Amino acid sequence: MSKIAEDCLNQLFHNARTHNKWQDKPVSNELLQEVYNLMRLGPTSANSCPLRLFFLKSKEAKERLRPHLDPGNVDKTMVAPATALLAFDLLFYENLPYLFPFANAKSWFEGKPEKALVTAFRNSTLQGAYFIIAARACGLDCGPMSGFSNEGVDKEFFPDGRFKSNFLCNLGYGDPSGLPGPRAPRLSFDEACKVI
Ligand SMILES: Cc1cc2nc3c(=O)[nH]c(=O)nc-3n(C[C@H](O)[C@H](O)[C@H](O)COP(=O)(O)O)c2cc1C
């Protein structure tokens, strides 16, 4: 493997920002499929793939979400071309005979709801991060959000309790005029890392 080209690094990292304002340009279902097909290749423990994605594009779907959003997240979400609801499947292990045929991995989680919950949350969060990078690789901008009522969203979208919401992510083509300013600093290597 070799390092990817500088313009790819710029698109994925250096120039990528969290967007709040969106150009009036739709996001096609074909592009969402392309993003998913990249995202799904990122690693998860025992290849558990617990993330479930719901792309809210219709006015009707956005209205179902509206009452559960924190006030500061309402306007940008209502006008975003698509809002991804990233959730996890508490029964993800039912797919393990297919996804991880090398061992009886289903037995590691069946009847162990706490272990299943921690595993589903950890790995769906990882998949959420892969999702953001995959969306950027496909030319999309992202606006991830945890400012909403998980309980309210779960009641509205997942009444049978099998899926739980993790976070939301607005998707589209960002309008840089909506950025709060220059990028806020990040911790330096020395502040956040130790080689031991
Ligand atoms: C999981 C997650 C949850 C976030 N929740 C919110 C939110 O509820 N509302 C909001 O305006 N921004 C939210 N943000 C945006 C962050 O504040 C933003 O990504 C961060 O400040 C970095 O900004 P930058 O990408 O422009 O450098 C969230 C980001 C992430 C990754």
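Residues in the range 47-76 that are over 18 Å from Lys155 (Cβ atoms), part of a helix (DSSP H, G or I), touching a residue at least 12 places away in the same chain (Cβ under 8 Å) and away from the ligand (no atom under 16 Å from the Cβ): 1 in all. Residues that are closer than 30 Å to Arg17 by Cα, touching a strand residue (DSSP E or B) at 6+ places or on another chain (Cβ under 8 Å) and away from the ligand (no atom under 16 Å from the Cβ) do not occur anywhere in the range 90-112. Looking only at the range 126-162, residues that are more than 25 Å from Pro71 (Cβ to Cβ), of a type in the set (S, T, N, Q) and within 12 Å of the ligand (Cβ to nearest atom) come to 0 in all.
With respect to the conditions (1) more than 18 Å from Tyr173 (Cβ to Cβ); (2) surrounded by fewer than 18 Cβ atoms within 10 Å (Cβ to Cβ), Cys49 lacks only one, and its number is (2).
Restricting Asn170, Asn123 to residues that are under 16 Å from Leu85 (Cα atoms), in contact (Cβ under 8 Å) with a residue 40 or more places away in the chain and away from the ligand (no atom under 12 Å from the Cβ) narrows the list to Asn123.
Specify the residue that is surrounded by the fewest Cβ atoms within 10 Å (Cβ to Cβ); the eligible residues are those in the range 18-42 that are within 15 Å of the chain's Cα centre (by Cα) and within 19 Å of Gly178 (Cα to Cα). For the range 18-42, the residue satisfying everything is Thr18. Residues that are in contact (Cβ under 8 Å) with a residue 60 or more places away in the chain and more than 15 Å from Val27 (Cβ to Cβ) within the range 130-153 comprise Tyr130, Ile133, Pro144, Met145, Gly147, Phe148, Ser149, Gly152, Val153, listed in sequence order.
Throughout, read-outs are computed from the coordinates displayed, never taken from laboratory work. In this text the structure is predicted, and so the values were computed from the model without any measurement. Cβ atoms come from the backbone with ideal geometry, glycine included; neighbour counts cover every protein chain shown.
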